[in-house]
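Have a look at the structure below before the remarks.
The values are calculated or read from the model by the stated rules, or taken from the named source; none is laboratory data. These numbers come from a predicted model, not from an experiment. Using ideal geometry, Cβ is built from the backbone for each residue, glycine included, and neighbour counts are taken over all protein chains shown.
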Amino acid sequence: MNPSGTYKTQHGDLTITQHGVNITATYQEDGVCIGSLIENKIEGIWKNNKGYGIFEWTFDGNGSFIGKYKSGMEEGAMRGKWDGKPPASESVINLETKPDSDNDNENVSDLEIYIRYSDGDEEVGHFSIKIESALKMPNEISYESLTNLISYSGLFEDENFLNAVKQEVSAFSLTMSDCPQIFVTKINAIDLKPLYENRFNSEENEEIVAALLNINSDEVSDLIRDYFSETGYSVENLF
């Protein structure tokens, strides 16, 4: 099945995007969900500015889902309800829809970026850009697929990306001797800010990062530093 679309729920509009067996979803102003699709069920982790926890949504053949959730990552009953219905104008979900193939991945076009001094804790600022790129989002989001996409053979070699970033960076007052770096924190609907918060803001969100990168939570501390060393781009390279 392909659950991508916008749903009406008790917690506001929920927009789901599928990438192979992985899904991301956004709701309200700052809510994000990361999970995996197995047959007609999505299980994963939700997070907003009030907390985080686990959820599951089970889809029927009419394009709706019945869901539940709880706060925290410990085992226990999920007593909160999280049901969703698509707007009347949207077509019914076809449960026989095959997962996305390599030929119909979405183009990378909408990004959010932070600039940070690599030799200190100071964050210079952030911005969003839209580009016309031939690069594709991978079907399965993983540590390897993200580091390949955000790399010198991916975005950092894309002329439209570099030109757009250079134009935005020019608005910031930067000290090149401090080696400010660019970090991509969102690609289309994929929110990568949990990785940024873990690495730079010491947030204890290992379960969320693990779900996003498709790794075990005990691997997060070892991989997260490597991830940012692989996906950071020096502002100096733009000028």
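Summary table
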| read-out | value |
| --- | --- |
| Hits in the stretch 40-49 - residues which are without any contact (Cβ under 8 Å) to a residue 40 or more places away in the chain and under 19 Å from the mean Cα position of the chain (by Cα) | Ile42, Glu43, Trp46, Asn48, Asn49 |
| Qualifying residue in the stretch 116-129 (condition: within 21 Å of Gln18 (Cβ to Cβ), assigned to a loop (DSSP other than H, G, I, E, B) and out of contact with any Leu (no Cβ under 8 Å at 6 or more places or on another chain)) | no |
| Top-ranked residue in the stretch 15-62 [being of a type in the set (Gly, Ala, Ser) and in contact with a Gly (Cβ under 7 Å, 6 or more places away or on another chain); ranked as surrounded by the fewest Cβ atoms within 10 Å (Cβ to Cβ)] | Ser36 |
| Meets criteria (within 22 Å of the chain's Cα centre (by Cα), farther than 25 Å from Asn107 by Cα and modelled with pLDDT of 85 or more) for Lys85 | no |
| Sole residue being at pLDDT below 90 and charged (D, E, K, R), chosen from Glu140, Glu206 | Glu140 |
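Per-residue answers, yes or no, for (1) surrounded by 14 or more Cβ atoms within 10 Å (Cβ to Cβ); (2) in contact (Cβ under 8 Å) with a residue 60 or more places away in the chain; (3) out of contact with any Asp or Glu (no Cβ under 9 Å at 6 or more places or on another chain):
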site: Leu162; (1), (2), (3): yes, yes, yes
site: Val169; (1), (2), (3): yes, yes, yes
site: Asn188; (1), (2), (3): yes, yes, no
site: Leu195; (1), (2), (3): yes, no, yes
site: Asn198; (1), (2), (3): yes, no, no
site: Glu203; (1), (2), (3): yes, no, no
site: Leu223; (1), (2), (3): yes, yes, yes
site: Ser229; (1), (2), (3): no, no, yes
site: Glu236; (1), (2), (3): no, yes, yes
